[in-house]
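Here is the structure we will look at, set down as structure tokens.
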């Protein structure tokens, strides 16, 4: 996502500062469990930056993802003074505007499964819709609670396994670790609310924000065992949905970086 605060020129002080910032951010993230923010330069050439690696990324995966983002951002938004780039395993955000203490999460991309809805899903059926919405909401909310209140990294994964008629559903919630417990949880709740609207019976989707991220799907897309394991006392209806075929699409595409 390219910014709107202007451009810099090749071989300028701003460009040099940006290269230094990338180096600081990469080193900092690898040595601080995947999250780092910093600034470099002064005056009109000052740049602020933040990087976040996914909570299940080890140091080498984190470094590799960030290094790729630094390379790609030069091509995707050449000479832009601010940019945001999301990858599956990391986020890069830099700007000539100060944002390091902001918890605003309005800059997002939305990715959802287009060809995969739960079989039998009928948005006009209140019982069917309510049941599946409750299942997904229960999982997302439980994992988000744990990410916000029971993780210094502000990261948790989970799954819900209700009945053989439904696939296991997996989820991931993450905030930047500098957010307070309550602010993180509020950020994730906003994404949950949007998720339940955008993903209307779909078997997977994610919302990637600059301060918090949410994802669910019907396969284990994260590393390691889930942190949260859920069953349910909910009784599915007579036509409990099963899994339909998958494909993915992006609702709001990501334009990647600069320098």
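The values are calculated or read from the model by the stated rules, or taken from the named source; none is laboratory data. Model, not experiment: these values are computed from the prediction. Virtual Cβ from ideal backbone geometry, glycine too; neighbours counted across all protein chains shown.
In the list 170, 149, which residue meets the criterion of being at pLDDT 95 or above and buried (at least 18 other Cβ atoms within 10 Å of the Cβ)? Selected residue: 170, the only one of 170, 149 that is at pLDDT 95 or above and buried (at least 18 other Cβ atoms within 10 Å of the Cβ). Of the numbered criteria (1) surrounded by fewer than 24 Cβ atoms within 10 Å (Cβ to Cβ); (2) within 22 Å of residue 25 (Cα to Cα); (3) touching a strand residue (DSSP E or B) at 6+ places or on another chain (Cβ under 8 Å); (4) not assigned by TED's automatic domain parsing to the domain that holds residue 40, the one residue 154 fails is (1). Can you say whether residue 123 is in contact with a helix residue (DSSP H, G or I) (Cβ under 7 Å, 6 or more places away or on another chain) and in a loop (DSSP other than H, G, I, E, B), as far as the supplied structure shows? When the stated conditions are applied, residue 123 passes them. All of (1) at pLDDT below 95; (2) out of contact with any helix residue (DSSP H, G or I) (no Cβ under 6 Å at 6 or more places or on another chain) hold for residue 221 with one exception: (1). In region 165-178 there is at least one residue matching the filter, namely being over 23 Å from residue 32 (Cβ atoms) and touching a helix residue (DSSP H, G or I) at 6+ places or on another chain (Cβ under 7 Å). The listed residues are 215, 156, 206, and the only one of them that is in a strand (DSSP E or B), modelled with pLDDT of 85 or more and farther than 17 Å from residue 108 by Cα turns out to be 156. When the residues of region 127-137 are filtered to those that are buried (at least 18 other Cβ atoms within 10 Å of the Cβ) and closer than 16 Å to residue 217 by Cβ, the one that is modelled with the lowest pLDDT is 132. Of the candidates 205, 116, the single residue that is in contact with a helix residue (DSSP H, G or I) (Cβ under 8 Å, 6 or more places away or on another chain) and within 26 Å of residue 219 (Cβ to Cβ) is 205.
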